[in-house]
Amino acid sequence: MTTETLTRPGKRSGAKVPRVKVCECGRKHYRWGSLCDSCAWNQLPLNERRARTKAKVTIRNARIAENGGRGVSKKELKEIRESGPCGYCGAKATETDHVHGLAAGGRDTADNIIPVCQHCSRSKGARSLLIWNRWDLVCRALVMNVPAVQRELARISGEIQDEVPAAA
């Protein structure tokens, strides 16, 4: 494991920060271990991988049920994914993303899902646009008139305005 000791503002002195490493398979990664995510996953016993996958699916399905049930079929997801480039960066879309994440109470509906590339999907994860903090990509999506992104930013700005006390 290769690390370097750095002192960054706001961090304790001597904190170890992982460097970019190259896995045995040739992929670059930032994990503390010597393997990338894919190789680490493949080294797990099959029953462990199945159990983890089942747990993730169970949690996802529970979130979808909490937020009004499944509203988008696999066919519709495929159509959305193939409908255009990544809604954030413009690269070739390979996945779909819930703009307002299911974990945050977003709905599983077609108007909340946009096509995205793998990089943007992994980068954003379950975070909201506000927390994701990739404003260069969010602004690009606004310029490209991605309706789901515009609706989510309007929703977020409405929540922020509700939290700010009125001037007396």
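The values are calculated or read from the model by the stated rules, or taken from the named source; none is laboratory data. Computed from a prediction, not measured in an experiment: that's the story for all the values here. Ideal geometry is used to build each Cβ from the backbone, glycine not excepted, and the neighbour counts take in all protein chains shown.
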Could you tell me whether Arg81 is out of contact with any helix residue (DSSP H, G or I) (no Cβ under 9 Å at 6 or more places or on another chain) and within 28 Å of Arg140 (Cα to Cα)? yes
So how many residues does the range 116-136 have that are more than 19 Å from Ser83 (Cα to Cα) and crowded, with 20+ Cβ neighbours inside 10 Å? 2
Among the residues of the range 24-41, count how many are modelled with pLDDT of 80 or more and outside any loop (DSSP other than H, G, I, E, B). 6
Residue match in the range 39-54 (condition: farther than 27 Å from Leu137 by Cα, touching a helix residue (DSSP H, G or I) at 6+ places or on another chain (Cβ under 7 Å) and surrounded by 12 or more Cβ atoms within 10 Å (Cβ to Cβ)): yes
Pairs needed: first member in the range 91-106, in contact (Cβ under 8 Å) with a residue 40 or more places away in the chain and closer than 13 Å to Glu66 by Cβ; second member anywhere, charged (D, E, K, R) and not in a loop (DSSP other than H, G, I, E, B); C-beta distance under 6 Å; at least 6 residues apart or different chains. Leu102/Arg63
Can you tell me which residues in the range 86-96 are over 13 Å from Arg122 (Cα atoms) and at pLDDT 90 or above? Lys92
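What number of residues within the range 111-124 satisfy the criterion of being of a type in the set (Val, Ile, Thr) and assigned to a helix (DSSP H, G or I)?
Selection size over the range 111-124: 0.
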Residue match in the range 73-84 (condition: in contact (Cβ under 8 Å) with a residue 24 or more places away in the chain, closer than 20 Å to Val57 by Cα and either in a loop (DSSP other than H, G, I, E, B) or out of contact with any Asp or Glu (no Cβ under 8 Å at 6 or more places or on another chain) (or both)): yes
Determine which single condition Ala103 fails, assuming it passes every other condition in (1) of a type outside the set (D, E, K, R); (2) under 16 Å from the mean Cα position of the chain (by Cα); (3) not in a helix (DSSP H, G or I). (3)
Determine if the range 104-119 includes at least one residue that is in contact with an Asp or Glu (Cβ under 9 Å, 6 or more places away or on another chain), modelled with pLDDT of 85 or more, charged (D, E, K, R) and under 18 Å from Val149 (Cβ atoms). no
All but one of (1) acidic (Asp, Glu); (2) surrounded by 15 or more Cβ atoms within 10 Å (Cβ to Cβ); (3) outside any loop (DSSP other than H, G, I, E, B) hold for Asp108; state the number of the condition that does not hold. (3)
Inspect all residues belonging to the range 57-72 and state whether any of them is among the small types (Gly, Ala, Ser), on the phi < 0 side of the Ramachandran plot, over 22 Å from the mean Cα position of the chain (by Cα) and surrounded by 12 or more Cβ atoms within 10 Å (Cβ to Cβ). no
Kindly indicate the residue of the range 125-155 that is of a type in the set (D, E, K, R) and assigned to a helix (DSSP H, G or I) and also nearest to Ile64 (Cα to Cα) among those meeting that condition. Glu152
Within the set of pairs 6 or more residues apart or between chains, which connect a residue that is on the phi < 0 side of the Ramachandran plot inside the range 18-46 to a residue that is of a type in the set (Val, Ile, Thr) with Cβ atoms less than 6 Å apart? Pro18/Thr3; Arg19/Thr2; Lys21/Thr2; Lys28/Val20; Lys28/Val22
